[in-house]
Amino acid sequence: MIDFWSTWCGPCQRSLPSTNSLAHKYHGRGVVFLGVNVWDNRAAFKTWLPQHKSLDAIKFTIDPTPNNEDVASKLYNVSGIPTQYVIGRNGKVVASNVGFGGDDNALDQGIRSALSAQ
C-alpha cells in the first residue's frame, strides 16, 4: 500500500493513524505500508518524523522532487493528497482512495481483495 501525503496536509495527518492501525492489522501477512511524503521539503519531513513515532507500522520516505516531476505526479497521476493505492503482488493497482472521509474502510477492503487474489 502506497500512501502519498505531506506534513502540511490536514486530511493526510488525520488519515495516518487509521492507516497505521491497518498496518498493524495486516502485519505478518506480507502487506507493506509505505508513506511517501510528497510536495514538501526535507526539513519539514525530518522535523515531522521523530514527532510521530506512534506511526510505527508505516515505512516512511520522502520524494523531495519538485511538483510535476515527483513520483506521485509522474508515475501515479496523483493530483491531490492523501492518495492511497493498494498494489497487488502482480504490480497492478487493486484499489485507490483519494482524500480522507474519517475511516479506512475502502482501503481495508482493497487490501482484503488484494490478499484474496493471491
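Across region 73-94, the number of residues qualifying as in a loop (DSSP other than H, G, I, E, B) and either under 12 Å from the mean Cα position of the chain (by Cα) or not charged (D, E, K, R) (or both) comes to 9. Pairing each residue of region 72-96 that is within 14 Å of A106 (Cα to Cα) and among the aromatic types (F, W, Y) with any residue that is at pLDDT 90 or above and assigned to a strand (DSSP E or B), provided the two are 6+ apart or on different chains, yields C-beta distances under 6 Å for Y85/I2; Y85/V93; Y85/S96.
Going by what's in this entry, would D104 be described as within 14 Å of Y26 (Cβ to Cβ) and either surrounded by 14 or more Cβ atoms within 10 Å (Cβ to Cβ) or modelled with pLDDT of 90 or more (or both)?
Values: within 14 Å of Y26 (Cβ to Cβ): yes; either surrounded by 14 or more Cβ atoms within 10 Å (Cβ to Cβ) or modelled with pLDDT of 90 or more (or both): yes.
Judged against the criteria, D104 is a match.
A single entry from I62, I81 fulfils the requirement of being in contact with a Lys or Arg (Cβ under 7 Å, 6 or more places away or on another chain) and at pLDDT 95 or above: I62. Scanning region 18-56 for residues that are in contact (Cβ under 8 Å) with a residue 40 or more places away in the chain, surrounded by fewer than 15 Cβ atoms within 10 Å (Cβ to Cβ) and among the aliphatic types (A, V, I, L, M) yields no hits at all.
The values are calculated or read from the model by the stated rules, or taken from the named source; none is laboratory data. What you are looking at is a predicted structure, and each value in this text was computed from that prediction instead of being measured. Glycine gets a Cβ as well: all are built from the backbone with ideal geometry, and neighbour counts include every protein chain shown.
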